[in-house]
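Working notes, beginning with the structure itself.
The values are calculated or read from the model by the stated rules, or taken from the named source; none is laboratory data. Not measured: the values here are computed from a predicted model. Note: accessible area is taken over every heavy atom of the protein model, side chains too, but ligands, DNA and RNA are not part of it. Shrake-Rupley method; radii C 1.70, N 1.55, O 1.52, S 1.80 Å.
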Amino acid sequence: MAQQEAPAAIVPLRFEGPIPYPHREVTDLTPDQQFDEHTARLEKEQQEKEAVFQGEKKSASSGGGAFGKLSMFAKGVAHNVSKGATQLHSTVESKVRMELKEREGKAFTTSFPAQAGSTYICTYSCRVMHAGAEVSGDLILSSTHLNFLSKAVVESIPLGEIVSIQRSIVLPTVTGGAPYILPVPAEHVIPQCLQIFTSQQKVYQFLEFANTGTSVSTHVTTSVKGNALERCYNFMDHAWRAAVTVPIAGVDYLPPRS
């Protein structure tokens, strides 16, 4: 019985010369922190509504007539419906996120045992450019490495080797071959790809990002800013800057954008 070939390392582009200057630091909270903040805000709002309702209920029971009690009954029904809907949405969203995080964290530990001391952060489905061709897989970020895993290729890039992360655009070519990828020409241009420049003169290109897991997770996580690429970039920028001082000392960068 023939043995299955082990995945190869990604064959990225090589570059020479100055490197694009890093983008400004992401100041938004990470997607996980945004969700936690959203959940805490909902709980606080619900507690405030509950306090107001209980106060009105107490006033109605002590001095209201039959009409007042009937009105209070109607308010109570509406209050309970609103409370139940809020709790249901929050519970479902929390459960989906928790299950995905747990499953993806276990997959990270199994796939990259050498990073046992790292903290798992996130996973996003995407494609990577490998020897001029697109390969589908998962980008898996930890506190020490940016990883990519698929049946065909596997790669682990130490965050300490990354010198620039570029939000980029993807342009089709007249030959229909590998796309032409370049950094966004201005900060307000919507990115379609992330390019990772390393101190080893390599450029890793990731495109077509999507949330991992079921399609439900894509639509349920409404409390977090941005699309899959923007969320992944947020996580990546936070993790990279936590691992190194940006910009990297001694690197030959192009002038920063004005």
Approximate shape of region 136-177 as ellipsoid semi-axes (Cα gyration tensor, √5λ), whole Å, largest first: 25, 16, 8
Probe 1.4 Å - accessible area at C122, Å² to nearest ten: 10 Å²
³J(HN,Hα), Karplus 6.51/-1.76/1.60, whole Hz, each residue of region 7-24, x for Gly, Pro: x, 8, 6, 5, 9, x, 6, 10, 9, 10, x, x, 9, x, 5, x, 5, 4
Amide hydrogen neighbours beyond the local backbone of V154, cut-off 5 Å, H modeled: A8, A9, I10
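Jot down the per residue volume, in cubic angstrom and as a whole number, of the convex hull over the alpha-carbon atoms of region 99-258.
145 Å³
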Computed over region 83-201: relative contact order in percent, which uses C-alpha pairs under 8 Å that are six or more apart: 15 percent
